[in-house]
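The values are calculated or read from the model by the stated rules, or taken from the named source; none is laboratory data. Note that the structure is a prediction, hence the values are computed from the model and not measured. In this analysis, Cβ positions are derived from the backbone assuming ideal geometry, glycine residues included, and neighbour counts consider all displayed protein chains.
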Amino acid sequence: MELSQAVKDVLNSKNRVNILSTVNEKGETDVAVFGSAQLTEKGTISFVLKNTSRSLTNIKETTYASCLVLLPETEGSGLKIKGCRVYLKKDFIERSRNPVYLVERSEGEAAGWEKSFNVDRENKAEDRSTPDSYLVVFSIVEARPIVDTGQGI
């Protein structure tokens, strides 16, 4: 999906709150706040999840999730929140020691993930530790406003 500039601005905002909703195979839901959401140049969004996360367990069982991205405003009176809803489809999950530092790199038409700290990289045995995090990458299937007031999302 081609993202509008308004959605990109929301997803790149430093003060955003990301609320990820997932469901397992039994239909049991989970909702959690994540600060690690990162929009990539390819228009995918990635999250770093701990291996004990209920969200990760659900994502491993099902393909889809949704994320409410909020931009709280502090000026003026009353509750003022901007943001968007993004509907997600899992692309891949990768176990990693340090997924925060994974960097997307382009190689012509192909793209890969820099795996400088990943489990899959061949390192000396003494450098290996038990990973406790996963990088989960989603395609954005659809983006919608929180409340549609014609804001161009």
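Being of a type outside the set (Ser, Thr, Tyr) and out of contact with any Ser or Thr (no Cβ under 6 Å at 6 or more places or on another chain) is the requirement here; does Asn58 meet it?
no
Quick one: in the range 7-24, of everything that is of a type in the set (Val, Ile, Thr) and surrounded by fewer than 20 Cβ atoms within 10 Å (Cβ to Cβ), which residue is nearest to Thr57 (Cα to Cα)?
Step by step, filter the range 7-24, then rank; the result is Val23.
I'm checking my understanding of the structure. Among residues of the range 25-53 that are under 19 Å from Ile93 (Cα atoms), at pLDDT 95 or above and among the charged types (D, E, K, R), which one is surrounded by the most Cβ atoms within 10 Å (Cβ to Cβ)?
Asp30
Condition first: touching a residue at least 40 places away in the same chain (Cβ under 8 Å) and of a type in the set (A, V, I, L, M, F, W, C). Now tell me which residues in the range 24-46 satisfy that.
Listed by number, the list holds a single entry, Ile45.
On the basis of being closer than 18 Å to Val136 by Cα, part of a loop (DSSP other than H, G, I, E, B) and under 13 Å from the mean Cα position of the chain (by Cα), does Ser36 make the cut?
Here the answer is yes, as Ser36 does meet what is asked.
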